[in-house]
Amino acid sequence: MKPSLQLKLSQHLALTPQLQQSIKLLQLSTLELNQEIEKILLENPMIERDEPEANLGSSRVEAPGPAAPAGSEAAHEQEQEQARESDQRERDPDREFDFSGDGGDWQGSGSGQRDDDDDTDFQDLQATATTLRDHLDAQIALTPLSDRDRALTRFMIEALDDDGYLSQALEDLLPLLPPELEVDVDDLKIALRHIQSLDPCGIGAADIGECLGLQLRTLAPSRERELALAIVAEHLELLAARDFLKLKRALRCTDDELREAHALILDLNPRPGARFAQSDIRYVVPDVIVRKVRNSWVVSLNPDAMPKLRINQLYAQILRDNRGASGSLSNHLQEARWLIKNVQQRFDTIQRVSQAIVDRQRQFFDYGDVAMRPLTLREIAEQLELHESTVSRVTTQKYMATPRGIFEFKHFFGSHVATDTGGAASSTAIRALIRQLVAAEDKKKPLSDAKIAELLGQQGIVVARRTIAKYRESLDIPPVSLRKTI
């Protein structure tokens with residue numbers, strides 16, 4: 001063995017930092033994109049958000065006033081006024097949609113200006129959420145109770161779950177209280193009755209039967225109420241199984257009486273505390289907007305979803321004045337140009353892909369889900385001459401606002417089912433047809449999965465019974481036995 005030199009020729013794919021950034025930005029959602037840009041803005045002084053009036057010189061003409069002599073008091077006041085106006089522009093949330101680079105602009109479709117008449121303050125729409133415990137405590141504060149009973153009632157309120165149920169036995173709650181209070185089970189029962197008298201009705205029940213019973217007892221006495229009380233106390237399993245024949249035998253009632261008792265129960269709330277639960281609400285900002293223009297569906301970028309970026313001209317001028325200098329500032333300038341170009345390319349690609357989707361699914365926009373056609377990522381990729389992975393990144397966590405609602409791009413892609421004519425039907429369209437058939441069925445004789453498959457077969461759509469069951473479950477439609485009514 002001895003050292004030697006060898007010449008070898010090979011090919012390999014290397015991703016440049018610019019290409020890596022482009023791929024990364026493409027797959028980010030709108031929220032993630034803004035978070036990534038905020039991070040870059042903190043690290044790179046060469047890039048900044050575009051000011052609202054930075055590029056409005058051509059749209060607004062003002063008569064120039066006389067310039068104050070340099071160094072005079074008037075000139076100093078002018079400088080202060082300009083600084084205040086500049087600061088006001090930085091705080092102004094109304095901006096035009098415009099990417100500005102070092103000497104070049106990119107103007108996107110749409111306008112980011114808000115209506116001057118729209119004075120909605122979205123902060124005013126954020127109401128402070130009231131929890132179930134806060135709601136009950138406020139009522140207890142107005143109830144004439146002794147200090148001891150009020151304290152025990154508030155202790156019991158803390159034991160309720162988010163739905164308003166008391167899942168723990170009273171005996172299990174006693175060890176949690178200080179022994180010197182000398183509290184027994186009867187004291188807790190009294191506190192529990194106080195809770196069950198509060199709003200919302202049904203609070204403090206141990207199970208769903210007791211919860212529904214508490215609500216029924218607030219209604220006026222009637223034959224139907226007595227039947228409903230008997231059902232929730234003793235026959236909830238039969239009601240859940242829709243075994244109305246056994247219910248009639250057990251209750252010794254007629255069809256009409258059972259129907260009215262059932263209607264009373266359906267009007268009750270099995271989760272009285274749920275409306276106070278803190279829900280995780282996620283707001284979606286659509287990336288594109290779909291509108292009908294002269295009988296054609298046109299996609300435009302949503303200006304509210306787009307960051308407005310430009311090169312910081314102050315630092316750019318410093319670099320131009322020191323052309324021979326090199327260092328981090330020059331690198332920051334190059335990275336800033338990359339970012340502006342990649343963000344522009346991201347939205348260009350999103351618009352191209354979304355327009356291609358809309359063109360393929362134009363029947364959906366005209367007629368709804370029943371007209372959805374089968375579509376794959378590969379079809380869009382081949383049409384736009386993009387890689388399939390690129391289309392996959394574009395369609396993930398990207399949304400379009402349409403007259404029919406807001407949809408994720410992936411909503412328009414789906415598998416297909418063969419038809420008798422040799423064509424194909426989209427799984428989304430089949431789900432819509434199943435929903436229509438179930439909505440129009442006779443509730444006394446609901447359609448079985450096999451019958452639904454038969455009805456679809458009559459329309460030329462060949463679907464197996466197990467496929468119908470899978471689609472039905474995905475639509476949260478219960479099976480035929482649970483859809484039957486009297």
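The values are calculated or read from the model by the stated rules, or taken from the named source; none is laboratory data. Small disclaimer: the values here were computed from a predicted structure and weren't measured. Neighbour counts run over all protein chains shown; Cβ positions are idealised from the backbone, glycine included.
Being touching a residue at least 24 places away in the same chain (Cβ under 8 Å) and surrounded by 11 or more Cβ atoms within 10 Å (Cβ to Cβ) is a description that does not apply to residue 154. Taking (1) over 35 Å from the mean Cα position of the chain (by Cα); (2) modelled with pLDDT of 90 or more; (3) in a loop (DSSP other than H, G, I, E, B) in turn, residue 143 satisfies each apart from (2). Only one entry in 407, 412 is touching a helix residue (DSSP H, G or I) at 6+ places or on another chain (Cβ under 6 Å), closer than 23 Å to residue 284 by Cα and of a type in the set (Phe, Trp, Tyr), namely 412.
Would you confirm, using the coordinates I've provided, whether residue 330 is over 24 Å from the mean Cα position of the chain (by Cα), over 30 Å from residue 396 (Cα atoms) and of a type in the set (Ser, Thr, Tyr)? Taking the combined requirement at face value, the residue satisfies it. Screening segment 197-212 for residues that are surrounded by fewer than 19 Cβ atoms within 10 Å (Cβ to Cβ) and free of Cβ contacts under 8 Å to residues at least 60 places away in the same chain and picking the one that is nearest to residue 135 (Cα to Cα) gives 197.
So, in segment 217-239, exactly how many residues are farther than 19 Å from residue 206 by Cα and surrounded by fewer than 16 Cβ atoms within 10 Å (Cβ to Cβ)? Residues in segment 217-239 being farther than 19 Å from residue 206 by Cα and surrounded by fewer than 16 Cβ atoms within 10 Å (Cβ to Cβ): 6 in total. Does segment 438-448 include one or more residues that are in contact with a Lys or Arg (Cβ under 8 Å, 6 or more places away or on another chain) and acidic (Asp, Glu)? Yes; the residues of segment 438-448 include at least one that is in contact with a Lys or Arg (Cβ under 8 Å, 6 or more places away or on another chain) and acidic (Asp, Glu). Whenever a residue of segment 438-451 is free of Cβ contacts under 8 Å to residues at least 24 places away in the same chain, its partners that are surrounded by 10 or more Cβ atoms within 10 Å (Cβ to Cβ) and part of a helix (DSSP H, G or I), lying with C-beta atoms within less than 7 angstrom and at least six residues away or across chains, give the pairs 450/465. Within segment 464-477, none of the residues are touching a strand residue (DSSP E or B) at 6+ places or on another chain (Cβ under 9 Å), assigned by TED's automatic domain parsing to the domain that holds residue 425 and on the phi > 0 side of the Ramachandran plot.
Right, residue 218: of a type in the set (Ser, Thr, Tyr) and touching a residue at least 12 places away in the same chain (Cβ under 8 Å) or not? Yes, satisfied. Being acidic (Asp, Glu) and in contact (Cβ under 8 Å) with a residue 40 or more places away in the chain is the filter here; which residues of segment 332-389 pass it? Selection gives 335, 359, 369.
Residue 221 meets all of the listed conditions (1) over 38 Å from the mean Cα position of the chain (by Cα); (2) part of a helix (DSSP H, G or I); (3) farther than 27 Å from residue 131 by Cβ but one, namely (2).
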